[in-house]
Amino acid sequence: MTWWLKARRVHPVLTAAFGAFLLLLMVFRSDSVVLPSLVAGSTQVALSLFVPVPLVAGLALCLESRLPAAETTGVRPVFGLDAALAAGVAAVAVAVSALAGAVIGDTVTMAVGRNTLFLTGLMLIARARFGQPGTLLPMAWIMLVCLTGFRPGNDAYPWTVIPEPLGAPHAAAAAVLMFALGLTVQIRSARRAR
């Protein structure tokens, strides 16, 4: 397992990614910014939508760091370790954002964990389908939401998922489903590659 941790660069990459995640989580909180919208003219967008980006990007970098020859000839279940890494990162993100949100009393901060689940699942699916360029899909999703995801009056469409309030059941269900699909696709594509 030591070789897998070193090959995936888990310690340096995820330490920096979690550091950036925590910093942005505490700095952005409920802050928002006005961004242009193709549908509503301009939209007030919560900066917390961007908090999961360093963590999802760090996880993608870890999963793309591989030793192909050793992994295809080895007997260890590398696909299982990769899936456990993705699940662990997502679980820690959900726990940290829930704890931080509870401490500061901010539901927007709590929703960052749900958004991280959704964007991680999206990245895992896109990575399996499109390879390394697919890892950019979570950021493209955020930009799509910012540009076209709000009706006039700053009301988010239900399909957007990430700007929805913490108590929105459809957003929670979509995040869990997207993550479960992403994990399934990650495992199946890794097995197929062997």
Relative contact order for the chain: what is it in percent, counting Cα pairs under 8 Å that are at least 6 residues apart?
25 percent
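Ignoring ligands, DNA and RNA, please state the percent of accessible area on the chain from carbon and sulfur, probe 1.4 Å.
So the carbon and sulfur contribution to the accessible surface is 71 percent.
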Please build a GNM for the chain, connecting alpha carbons under 10 Å apart, and tell me which residue among Val39, Val112, Val145 fluctuates the most.
Val39
Amide proton proximity set for Thr43, modelled H, under 5 Å, gap of 5+
Leu35, Ser37
Convex hull of Cα atoms in the chain, direction-averaged projection (nm²)
10.6 nm²
How large is the charge dipole for segment 1-193, taken about the Cα centre, if only the Cβ atoms of Lys, Arg (+1) and Asp, Glu (-1) carry charge, to the nearest 20 debye?
700 debye
So, with points 7 Å from each Cα along the Cβ direction, the Ala20-Leu147 label distance in nm works out to 2.2 nm
Taking the dipole about the Cα centre of the chain, with the C-beta of Lys and Arg at +1 and of Asp and Glu at -1, give me whichever of Val45, Ser65, Ser30 is farthest to the positive side.
Ser65
If every Lys and Arg gets +1 and every Asp and Glu gets -1 at its Cβ, then about the Cα centre segment 103-194 yields a dipole, in debye to the nearest 20, of 680 debye
Reduced Cα scattering model of segment 120-194, Debye log10 I(q)/I(0), q = 0.12, 0.21, 0.22, 0.28 Å⁻¹
-0.39, -0.93, -0.98, -1.23
How much accessible area per residue does the chain have, counting only protein heavy atoms and a probe of 1.4 Å, in square angstrom?
48 Å²
In degrees between 0 and 90, to the nearest 10, how far off the longest principal axis of the chain does helix 10-28 point, with axes built from Cα atoms?
10 degrees
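Counting each DSSP H run of 4 or more residues in the chain as -39500 (n - 2.57), what helix-only mean residue ellipticity at 222 nm follows after dividing by all residues, to the nearest 500 deg cm²/dmol?
Calculated mean residue ellipticity at 222 nm is -22500 deg cm²/dmol.
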Relative to the longest principal Cα axis of the chain, at what angle does helix 78-104 sit, 0 to 90 degrees, rounded to 10?
30 degrees
Between 0 and 90°, nearest 10: helix 53-64 axis offset from the chain longest Cα axis
20 degrees
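The values are calculated or read from the model by the stated rules, or taken from the named source; none is laboratory data. Worth saying up front: this structure is predicted, and the values here are computed from it rather than measured. Note that each Cβ is placed from the backbone with ideal geometry, even for glycine, and that neighbours are counted across all protein chains shown. When the accessible area is computed, the model is the full protein with side chains, heavy atoms only, and any ligands, DNA or RNA have been set aside. Shrake-Rupley method; radii C 1.70, N 1.55, O 1.52, S 1.80 Å.
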